[in-house]
Amino acid sequence: MQERGAGFLRVGVKNGGCAGMEYVMDYAMAPEPLDEVVEENGVTILIDAKAVLFLLGSQIDYEVAPLHEKFVFRNPNQTDACGCGESVTIVPVVA
């Protein structure tokens, strides 16, 4: 993060892919006014305000395996995923 000159990782979702939505991650210098700030196990991430109802209850892990290193989303609101794993179907939490 310091190499990028950013202090936070912002997580969100966007429309796209064959299953309808994609998880997105970007660097941020500071939280936006409506971002949800989540701190867990010494890690702080920002949740884009437009994605909160899609990501509520999710766990994000960083997985290291012999052939890859990647972020893995475990989202109870995810109902389906495409075969390649690039896009997902997410049902927002009812407020």
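The values are calculated or read from the model by the stated rules, or taken from the named source; none is laboratory data. Please read all numbers here as calculations on a predicted model, not as lab measurements. Cβ: placed from backbone, ideal geometry, glycine included. Neighbour counts: every protein chain shown. For accessibility, only protein heavy atoms count, side chains too; no ligands or nucleic acids. Shrake-Rupley method; radii C 1.70, N 1.55, O 1.52, S 1.80 Å.
What to note about this one:
- Qualifying residue in segment 1-8 (condition: under 15 Å from the mean Cα position of the chain (by Cα) and either small (Gly, Ala, Ser) or surrounded by fewer than 10 Cβ atoms within 10 Å (Cβ to Cβ) (or both)): no
- Among the residues of segment 15-36, those identified as within 28 Å of GLY83 (Cα to Cα) and assigned to a loop (DSSP other than H, G, I, E, B) are GLY16, GLY17, CYS18, ALA19, GLY20.
- Residues in segment 53-73 that are under 13 Å from VAL11 (Cβ atoms) and not hydrophobic (A, V, I, L, M, F, W, C) were compared, and the one that is least open to solvent (accessible area, probe 1.4 Å) is SER58.
- Residues being touching a Pro at 6+ places or on another chain (Cβ under 6 Å) and open to solvent by 80 Å² or more (accessible area, probe 1.4 Å) - total across segment 42-52: 0
- Looking across segment 42-52 at every residue that is under 18 Å from LYS14 (Cβ atoms) and part of a strand (DSSP E or B), the one that is nearest to the chain's Cα centre (by Cα) is identified as ILE47.
- When GLU86, GLU39 are checked against the criterion of being out of contact with any Phe, Trp or Tyr (no Cβ under 7 Å at 6 or more places or on another chain) and either surrounded by fewer than 13 Cβ atoms within 10 Å (Cβ to Cβ) or part of a strand (DSSP E or B) (or both), GLU39 stands alone in meeting it.
- Segment 74-83 - residue that is open to solvent by 70 Å² or more (accessible area, probe 1.4 Å) and under 14 Å from the mean Cα position of the chain (by Cα) and, of those, farthest from VAL11 (Cα to Cα): PRO76
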